[in-house]
Every structure is written in C-alpha cells, then in structure tokens.
Amino acid sequence: MPAVSIDGSPFRRFRPQGENTLLAENLSAGRHKVLLVRSTEGYMGISEFRGFSLERSETLLPPDPPKPRCLEFIGDSITAGAKNDGPPDAPYDDIEDNDMAYGPQLARMLGAEYSVLGKSGEGVIHNWDEGWPGQGVHTADRYPWTFYSDKKSPTNHLWHPQNFPVDGILISLGTNDFGNDEHQPARQDFIQGYKNLLQTVRQLNPHPPIIAIEPVPAWLPPEARSWTKAAVMECKALGDNNLYFIPLNAEKPLLEAQDYADDNTHPLKNGSKKIALYLKDKVAEILGW
C-alpha cells in the first residue's frame, strides 16, 4: 500500500483506484511537492507508478535531486515495519509502514536515501513458518533477486547493484531463527548460514561496509547476539576487514515494553526511532560521515 505527502504534510495511506487515483484537488496556484512512498513489503504485491495526470494549464517540474548517500537495510518483519501503524487486531497488511521502520528513519537522520529488503518471517537458516531443519528460501538465496519475494527459479531476474550503488549495508536477522520455543539452531549451522549471507552480500557489493546488527527483541537468547558476532569475526579472519557488528541489548534491553506492538517483538514507530537514534552515531563513525 502506498502513502502520499503533499507539501510536507503527514503521510496519508491510500489504496490505488483503477487506472487513476486522486491524490489532491483544489490546490492553490503555484508550486506543489508530492512525495510517494510504499508502506508494505514486497510479497504484498508489485507497485507500479505510471506518472501524474495534470490539468492542461499545469506543468510537471523536475524532481529534487537524490541525496548523495544511500543505505541498504536487510532483514525480516522488524526491518519491514510490520505492526507499527495500527491496532494489533487489524489485518497484517494494513498496519505496516516501512517508511517509519528503523532503517528509513536512520537514513533520514544521516541524510541518505534508503533501500529496504525486508520480508516477514525471514531467517538466516530458518524461517518462521517452516519445519526443522529449514530447507526453504532464506535471505542469502533472495538477496541477488530483483523481486525479493520470489521463489527459487532459473528465471529469477537478477539485481545489478552496480547500477544502484549503496554506501553502507545493515543486516538485522535472527529473530525467526531463535524465536521457536521447540527448536533452536545449532551453533555451527547458524554461524555458517550467517557467514554465507555476509559473503553473498559482499560478492555483489565489493566495497561498502557491511554492518551486522544484533536482532532487536531482548527476549532472544544471548546466542543470537554472540553467534552473529562470531560470524562477523570469522569472515573478518578470512580477509574481509570491512565488516562490523553492533550489539543492541548487551548491557540492557534497548527497548521497553511500550516501544513494541502487543507481541514484544515488533517495534512501534517510536521504538524504531529509538533504534535509529542508538545506531546513528555508530553507523556514521563506521561510514566516516
């Protein structure tokens, strides 16, 4: 579902209506700025923007130039912004506002554009809805694909990151790997899976720093933090010195109960802001910003 802001107004979500959707009417004479964002993650459908329909007397002006910096965020439903925009009993698809997840908020704080590769239920080696051991499609499989929610296929359209370079990549995964009460991943399986993810991302992005972040929920076992760090350190030992790890809950939980939706897992918008503020200076130092 998209959202629109006109002349700096708060974003308003809307549902496209056929070939043409009315975004504004009876605007005053003069220049106006329209900003469109997508609120929902890839599996909820493809958004297609075909342009604006204007009155004959109106002219479309050039857009603002893009910001000179860009950050990429890789993760699960937390990175996608699930459950942050409405009552907990509302339909899942209707209460996701990715533009207010921690990644986009952090990007704006740092004066950067953003790209989000977030999929609900995604894990490093185990997705939320699959059995053990996880044999499904995981983040390292999806990362090279243009359509991130696709299934494995020899016809998957591949992404060409050299055409859309980023200055830094942040990864936050592990909640769905460790969030099952009946099963927990084995140490070496998780570390090897995370190393595979880091190496996949690096293969397509030879130069930018890659920053692994501890999974957000503080109720996860400490292994979620220590094994993520171990994967980073093992890849660094293999020669990739442009890798970093940032813990979130090592000293105390970063977020409090009121910062989450009713599941103590998905941050609300203010909780995401806390994460962004916590990361801001740390990420800026790594990137030299």
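The values are calculated or read from the model by the stated rules, or taken from the named source; none is laboratory data. None of these values were measured; they are calculated from a predicted model. So basically every Cβ, Gly included, is an ideal-geometry build from the backbone, and we count neighbours across all protein chains shown.
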Is at least one residue of segment 63-71 over 27 Å from LEU22 (Cα atoms) and within 11 Å of the chain's Cα centre (by Cα)?
yes
Does at least one position in segment 269-278 carry a residue that is surrounded by fewer than 18 Cβ atoms within 10 Å (Cβ to Cβ), without any contact (Cβ under 8 Å) to a residue 60 or more places away in the chain and on the phi > 0 side of the Ramachandran plot?
no
Do we have any residue at all in segment 68-75 that's assigned to a loop (DSSP other than H, G, I, E, B) and under 28 Å from ILE275 (Cα atoms)?
yes
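Could you please let me know if THR21 is β-branched (Val, Ile, Thr), more than 11 Å from PRO2 (Cβ to Cβ), free of Cβ contacts under 8 Å to residues at least 40 places away in the same chain and outside the structural domain of SER115 (by TED's automatic domain parsing)?
Working: β-branched (Val, Ile, Thr): yes; more than 11 Å from PRO2 (Cβ to Cβ): no; free of Cβ contacts under 8 Å to residues at least 40 places away in the same chain: yes; outside the structural domain of SER115 (by TED's automatic domain parsing): yes.
No, not satisfied.
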Restricting attention to segment 13-56, the residues that are of a type in the set (A, V, I, L, M), over 22 Å from the mean Cα position of the chain (by Cα) and closer than 28 Å to THR79 by Cβ number exactly 2
Does SER47 fit the bill of being polar (S, T, N, Q), over 30 Å from LEU173 (Cβ atoms) and not assigned by TED's automatic domain parsing to the domain that holds ARG108?
no
Long-range neighbours under 6 Å by Cβ, at least six apart or interchain, first residue farther than 19 Å from GLU25 by Cα within segment 38-62, second among the small types (Gly, Ala, Ser) and surrounded by 10 or more Cβ atoms within 10 Å (Cβ to Cβ)
ARG38/SER47; SER39/ALA3; GLU41/ALA80; GLU41/GLY118; GLY42/SER149; TYR43/SER149
ALA250 - would you say it is of a type in the set (A, V, I, L, M, F, W, C), assigned by TED's automatic domain parsing to the domain that holds ASN84 and over 19 Å from the mean Cα position of the chain (by Cα)?
yes
Which of (1) touching a Phe, Trp or Tyr at 6+ places or on another chain (Cβ under 6 Å); (2) within 11 Å of HIS266 (Cβ to Cβ) does ASP85 not meet, given it meets every other one?
(1)
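Look through segment 192-231, keep the residues that are charged (D, E, K, R) and in a helix (DSSP H, G or I), and return whichever of them is surrounded by the most Cβ atoms within 10 Å (Cβ to Cβ).
My answer is ARG225.
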